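These notes concern the structure reproduced below.
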Amino acid sequence: MTPAYRDAYSRINALVIVGEGLADSHFRLLAGLLPEDRDDLMRLAAMEGHHARDFSGCGRQLGIRPDLPLARRLFAPLHRLFREAVRSGDRVSALVIQCLIVESFAVAAYRCYQPVADPFAAPIIQAVLTDEAEHLEYGGRWLAAWFPEVAAPIAACCERALPIVLAMLQSVRDDLTAIGIDPTDVVGEFVACFQAAIETVGFEPRQARGLVARLAGRAAQAA
Ligand SMILES: [Fe+2]
Ligand SMILES: [Fe+2]
């Protein structure tokens, strides 16, 4: 491991730890918004807490200290948007942000990290990917039950939240490259995963493509 690798890893590992920690807190907040699903959501929250601890262990194993303050700054806009949704009782936006967007982001990042992960991290990533698929499914199922009523609010939420995710990806592209991940692959996986999730909810493939096309277009411009 070169010093450049260790340096980049300290930021990517932190982003993962903070993202998982926020997912834990988001599912707890969702449990408050959706009391009928409280037990399920608390269970999903506990899974995220577990992921955060496992990924902390990955950094420790390599003797690398994660740059947590930077990661918290990078996640702040998305976390703010989520808290705003919770405060106003907007269950649809809260579910879209955590269960569709954050989870798609996680799946994309882990899928791309998997082939270059060290032997300690590889089995952890495999297990985490299975869990994140369940979280995506939960959100997809809930929103699908309210479709098409929720179509316009979902689109409005995506319009606000997707550019934030893209900006996050943009700000870590050099670090991703340094640890062997092609940032363009992460964007590609994110778009594919998110589009599939949106189709599960009930959007036609054409509409789903339209929702993410703007995102993909911006990503292409930024690349
Ligand atoms: Fe997770
Ligand atoms: Fe998750």
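The values are calculated or read from the model by the stated rules, or taken from the named source; none is laboratory data. Every value quoted in this text rests on a predicted model; they were computed, and no experiment measured them. Backbone-built Cβ (ideal geometry, glycine too); neighbour counts: all protein chains shown. Side chains are part of the model used for accessible areas, which takes the heavy atoms of the whole protein and leaves out ligands, DNA and RNA. Shrake-Rupley method; radii C 1.70, N 1.55, O 1.52, S 1.80 Å.
Looking across Ala151, Ala133, one residue alone is within 16 Å of ligand 2 (Cβ to nearest atom), modelled with pLDDT of 95 or more and within 15 Å of Ile198 (Cα to Cα). It is Ala133. Applying the condition of being in contact with a helix residue (DSSP H, G or I) (Cβ under 8 Å, 6 or more places away or on another chain) and over 26 Å from Ala46 (Cα atoms) to the range 123-150 and asking which residue is most open to solvent (accessible area, probe 1.4 Å) yields Trp146.
Scanning the range 105-118 for residues that are open to solvent by less than 10 Å² (accessible area, probe 1.4 Å) and either without any contact (Cβ under 8 Å) to a residue 24 or more places away in the chain or more than 12 Å from ligand 1 (Cβ to nearest atom) (or both) returns a single hit, Ala108. Only one residue in Arg11, Arg6 is touching a residue at least 40 places away in the same chain (Cβ under 8 Å), open to solvent by 50 Å² or more (accessible area, probe 1.4 Å) and touching a helix residue (DSSP H, G or I) at 6+ places or on another chain (Cβ under 6 Å), so which one is that? Testing whether each residue is touching a residue at least 40 places away in the same chain (Cβ under 8 Å), open to solvent by 50 Å² or more (accessible area, probe 1.4 Å) and touching a helix residue (DSSP H, G or I) at 6+ places or on another chain (Cβ under 6 Å) leaves just Arg11. Kindly indicate whether any position in the range 33-47 is in a loop (DSSP other than H, G, I, E, B) and either within 19 Å of Leu143 (Cα to Cα) or modelled with pLDDT under 95 (or both). Yes: the range 33-47 contains one or more residues that are in a loop (DSSP other than H, G, I, E, B) and either within 19 Å of Leu143 (Cα to Cα) or modelled with pLDDT under 95 (or both). Restricting attention to the range 51-68, the residues being outside any loop (DSSP other than H, G, I, E, B), of a type outside the set (A, V, I, L, M, F, W, C), in contact (Cβ under 8 Å) with a residue 12 or more places away in the chain and open to solvent by 40 Å² or more (accessible area, probe 1.4 Å) number 2. Identify the residue in the range 18-30 that is within 12 Å of ligand 1 (Cβ to nearest atom) and buried (at least 23 other Cβ atoms within 10 Å of the Cβ) and, among all such residues, is farthest from Ala71 (Cα to Cα). My answer is Phe27.
Taking the range 171-188 as the range and being closer than 16 Å to Val212 by Cβ and either open to solvent by less than 70 Å² (accessible area, probe 1.4 Å) or not in a helix (DSSP H, G or I) (or both) as the test, the residues that pass are Val186, Val187, Gly188. Return the pairs, sorted by first residue and then second, in which the second residue is more than 11 Å from ligand 1 (Cβ to nearest atom) and hydroxyl-bearing (Ser, Thr, Tyr), the first residue lies in the range 119-138 and is farther than 30 Å from Gly202 by Cβ and in a helix (DSSP H, G or I), the beta carbons are less than 7 Å apart, and the residues are 6+ apart or on different chains. Qualifying pairs under 7 Å: Ile125/Tyr113.
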